[in-house]
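Just so it is clear, none of the values below were taken in a lab; they were calculated from the coordinates. These numbers were taken from a predicted model, which means no experiment stands behind them. We place every Cβ from the backbone using ideal geometry, glycine too, and count neighbours over all the protein chains shown.
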Amino acid sequence: MIGSRMAKARRDASGREGTPSRRRSRLVTLASRSIPYLGLAPALVTFLLLLGYPIVLVVQMSLQHIGLKELISGATTWVGTANFTRILGDPEFLAVTARTFAFMAVNVVLTIVLGTLVALLLHRIRRSVRLILSVAMILAWAMPALTGSVVFQWLFDSKLGVVNWAISSLGIFGSWLNHSWFETGFSTFAIITLLIVWQGIPFVAFSLFGGILAIPPELDETARVDGASERQIFWNITLPSLRPLLLMLAFLSVIWDFKVFTQVWTMRQGGPDGQTITLSIYAYITGLAQSQFGVAAAVSVVMVALLLIVLVPYIRLMLRTQEDV
Amino acid sequence: MSRGARGAVVNAIALVAATLFAFPVYWMVVTAFKPADQIQTYVPVFIPTPTLDNFVKAVSQPHFGDFLRNSILVAGTTLGLALLVGFLTAVTLARARIRGRKGFLLLVAIAQMAPFEALLIPFYLVMRDVGLYNQLPSLVIVYFIFTLPFTIWSLRGFISGIPIDLEEAAMVDGASRLGAFVRVTLPLLGPGLVATAIFCFITAWNEYFYAFVFMTDVQNYTLPVWLASFRTNLGTDWGATMAASTLFTLPVLVFFLAVQNRMVGGLTTGAVKG
């Protein structure tokens, strides 16, 4: 504190000394004031040009007809909103969209609810057990999405998978040996969801555990003295205190799970029979596999538009929490 | 239920949960070390007689050296670029008086949330047009854009966390502004820089979607692209597949254990204050 006051005094003094010519000093201050902006320039160029241009381009492409022929010749044919009317009138696209929403909703709800439960668990267990659970969760969390997908296929392998053996040896559900998990879309989605939730819980649980620790313990104690039950404490104290954090985690999960590609694609490439095609996969197949780049761009634009519903409040929340830092 | 009994149940549930979280990772590693006859069996072997056969097989796949080199090259360059630009930006944001700071932060927030899965088509077209399609730099560019917002956000937080008073005190003692920053703030920033660098590296190392679409020649594959095609190429050689997965996961795991505390903080800073 004293140091800072002294430094300030020193700055003031030196500022008063060095002004032989007013114009020159104005030039100097102008230059020195603009130096900080130079520091922002590379990032600004990255965001506005390298990121901004593809964003503009995707909108532009969504209004054009671009097939392989146009891609090679470079000719542009504007088609107005034809790509949009086409996909919005396409029952397959609508089915894929509905499926993506359902898939995302299930993943988010499971991740948040189970993550909250694990956070509460972390709060109540013995220190040694907490360490064990934390390390186990870090293992799951650290697993790259791709290896997660490969490992889950091995776990759920129909012939030699350990899961089929485990269910069979429980003896309650009969024999599950040779049960194929990837035969129906629903079952395949179940495995993908399991994978995503398994990897998603740790981040949610650790964040919420941090949030729980930040709640002043006096609140709980006072409530307990007043005779509140554990359940009442959870609903009236813990949950309201965690609300901003929960909201943020829910937004993040929605954003991540809505556009997820790697886990869904690597599990069965959208199969069986296209039943696990979600929007990101649909855009990829339409664009890269079928060379309908205009239509694929339109799909991407619709995706972004749908995402904006959650993105806008999320970014507002994020900036609000950052203000006081 | 008595207090003690309830505590025991809660701890037991936690141990079951820990088993569920850890099991897939355990199974990956354990399969990787199994001899073939302990994999090709209906009754699973939980503690194998360890062998390195699967690792040898995975590593001796054609082009494995190329994939490893490509992955390290791409992730390393991404890390370097993101850290360089991110650090410059973060220092400016945290230490300089700037107009339009809020607007810039908004831009960073938007960039961080940019749905890259929806930008594949335009990025593909741009890379084709500038002749970078099927070239490693195309991945570096995309990953750099992808990691920069978080890098700025995280580094800014770390720098703001170091009181400027410290620098000013050093300046009173005769240090220049730059000297004060380099000698006082920079050493304190070490852990934050390392954590952020690791985040960039892991993001680029793990990325599959763009690498899968952009890299068409086998020798340009990164490890994830190879790993995804591994199963189909080797039939159902789960031993070698798990060995490759283990090798790929290992560095990520080590890094993660080192910095996980900071990653939780970095992503949700401020949200707990409520």
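Annotation for B:Arg183 and B:Ala96: the two label points, set 7 Å from Cα along the Cα-Cβ direction, are 2.4 nm apart. Which of A:Ile72, A:Ile192, A:Ile35 ends up with the largest GNM mean-square fluctuation for chain A, with Cα atoms connected below 10 Å? For chain A, modelled as a Gaussian network with Cα springs under 10 Å, the answer is A:Ile35.
Shape analysis of the protein assembly as shown places it in the oblate category; the axes a ≥ b ≥ c from the Cα gyration tensor give an a/c of at least 1.5, with a/b not above b/c.
Only helices reaching 18 angstrom along their own axis (Cα) with mean Kyte-Doolittle hydropathy no lower than -1.0 count here, and for the DSSP H runs of chain A these are A:22-45, A:91-124, A:127-142, A:185-213, A:239-258, A:293-322. Between A:Arg86, A:Arg33, A:Arg127, the Gaussian network model of chain A with springs among Cα atoms under 10 angstrom shows the greatest mean-square fluctuation at A:Arg33. The charge dipole of the range A:93-291, taken about its Cα centre with unit charges on the Cβ atoms of Lys, Arg (+1), Asp and Glu (-1) only, comes to about 200 debye.
For chain A, a Gaussian network of Cα nodes joined below 10 Å ranks A:Trp78, A:Trp176, A:Trp141 by mean-square fluctuation, and the top entry is A:Trp176. How tilted is helix B:101-113 with respect to the longest principal axis of chain B? Cα atoms for both, answer in degrees (0 to 90, nearest 10). So the helix axis and the longest Cα principal axis differ by about 10 degrees. Compute the helix-to-body angle for B:136-160: its Cα long axis versus the longest principal axis of chain B, expressed 0 to 90° and rounded to tens. Approximately 50 degrees, to the nearest ten. Put a plus charge on the Cβ of each Lys and Arg, a minus charge on the Cβ of each Asp and Glu, and nothing anywhere else: the dipole of the range B:54-268 about its Cα centre is then about 440 debye.
Using only Cα atoms, locate the centre of the range B:177-231 and the centre of the range A:82-137, then give the distance between them in Å, rounded to an integer. Their Cα centres are 26 Å away from one another.
Taking a ≥ b ≥ c as the square roots of the eigenvalues of the Cα gyration tensor of chain B, is the shape rounded (a/c under 1.5), prolate (a/b larger than b/c) or oblate? It is oblate, given that a/c is not under 1.5 and a/b is not larger than b/c.
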